[in-house]
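Structure, as structure tokens:
The values are calculated or read from the model by the stated rules, or taken from the named source; none is laboratory data. From a predicted model like this one, the values you see are computed outputs, not experimental measurements. A quick note on method: Cβ atoms are made from the backbone with ideal geometry, for glycine too, and the neighbour counts reach across all protein chains shown.
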């Protein structure tokens, strides 16, 4: 769908395509990128971390998504490239169920993510919170293709309804499909096939959100030969990092890597826990401690006090 056709129909199809490339130099090198974006997506100024990682913020200039809007984000990371992709602000999805005379059942917002990582590449996908307004419909599909020694860390925090305004999701729904594929892998090349739908009965059911407004997920697909013994110790530390945070949190192993889930009342608690896990993963890999992205507006520090193991 072209931009002109999308705009004529009252909806957008914003697209971003990125290529990250390692640039060798005497000090070890860094990662640069080439990319394009179409409205309402815009690439902000990239920031170089001390270890050479490229931090790139994406801006959605339209102020929110309405039924029928589409976003496509594609990123290819060449060998040894390191990138952190984030968003400049929380993403809002407005309600459409029962609000459109031509489509009373509502229209879905659609987001497509496709990440392809070569050997030694490292991608951290850390967007800010998604807020789904009452009667909003959003479907997200994310496909991650990894070479054997690539690493992918993906996080999402979703608030279902503007609870501060006394609003719940009502007739809205959030769907997510995540596929992680490891090329050249022995045996089953599919590391993870994850399908979730939150709406209707799932919002109240004990096997769903149990009437909690915030859902969060963190997935780390580690390099293929990451030591299993170290992963067990990492999982235990990540579970300890739940202390003092409000909500229900669970963490389990991925082969190799880990998956963490949050369900509770607080997007801040989800952010704090996932940021601590991010720091644990960095430490386990011998990488520098993470820095919160420069465009994030949060003043609070999520890290545990020094001396807490």
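Surrounded by fewer than 17 Cβ atoms within 10 Å (Cβ to Cβ) and touching a strand residue (DSSP E or B) at 6+ places or on another chain (Cβ under 9 Å): is that true of residue 197 in this structure? In short, yes. Whether any residue in the range 260-268 is closer than 23 Å to residue 47 by Cβ, out of contact with any helix residue (DSSP H, G or I) (no Cβ under 8 Å at 6 or more places or on another chain) and either without any contact (Cβ under 8 Å) to a residue 12 or more places away in the chain or assigned to a helix (DSSP H, G or I) (or both) is what I want to check. Looking for residues that are closer than 23 Å to residue 47 by Cβ, out of contact with any helix residue (DSSP H, G or I) (no Cβ under 8 Å at 6 or more places or on another chain) and either without any contact (Cβ under 8 Å) to a residue 12 or more places away in the chain or assigned to a helix (DSSP H, G or I) (or both), one finds none in the range 260-268, hence no.
Taking (1) part of a loop (DSSP other than H, G, I, E, B); (2) in contact (Cβ under 8 Å) with a residue 40 or more places away in the chain; (3) in contact with a strand residue (DSSP E or B) (Cβ under 7 Å, 6 or more places away or on another chain) in turn, residue 215 satisfies each apart from (1).
For the range 62-71, the criterion of being touching a helix residue (DSSP H, G or I) at 6+ places or on another chain (Cβ under 9 Å), in contact (Cβ under 8 Å) with a residue 24 or more places away in the chain and either closer than 23 Å to residue 150 by Cβ or part of a loop (DSSP other than H, G, I, E, B) (or both) is met by at least one residue. Quick check, is residue 113 surrounded by fewer than 23 Cβ atoms within 10 Å (Cβ to Cβ) and not in a loop (DSSP other than H, G, I, E, B)? When the stated conditions are applied, residue 113 passes them. Residues in the range 116-134 that are crowded, with 21+ Cβ neighbours inside 10 Å and over 30 Å from residue 282 (Cα atoms): 132, 133.
Taking every residue in the range 284-303 that is surrounded by 15 or more Cβ atoms within 10 Å (Cβ to Cβ) and pairing it with any residue that is assigned to a loop (DSSP other than H, G, I, E, B), at least 6 positions away or on another chain, the pairs with Cβ-Cβ distances below 6 Å are 295/88.
Considering only residues in the range 7-33 that are more than 21 Å from the chain's Cα centre (by Cα) and not in a loop (DSSP other than H, G, I, E, B), the one that is surrounded by the fewest Cβ atoms within 10 Å (Cβ to Cβ) turns out to be 8. Only a single criterion out of (1) over 16 Å from the mean Cα position of the chain (by Cα); (2) surrounded by fewer than 17 Cβ atoms within 10 Å (Cβ to Cβ); (3) under 21 Å from residue 71 (Cα atoms) is not satisfied by residue 168, namely (3). Confirm whether residue 164 is more than 17 Å from residue 252 (Cα to Cα) and not in a strand (DSSP E or B). Against the criterion (more than 17 Å from residue 252 (Cα to Cα) and not in a strand (DSSP E or B)), residue 164 qualifies.
Quick check, is residue 128 modelled with pLDDT of 95 or more, assigned to a loop (DSSP other than H, G, I, E, B) and in contact with a strand residue (DSSP E or B) (Cβ under 8 Å, 6 or more places away or on another chain)? In short, yes.
Of the residues making up the range 222-259, those that are out of contact with any helix residue (DSSP H, G or I) (no Cβ under 7 Å at 6 or more places or on another chain), farther than 22 Å from residue 146 by Cα and assigned to a loop (DSSP other than H, G, I, E, B) are 243, 244.
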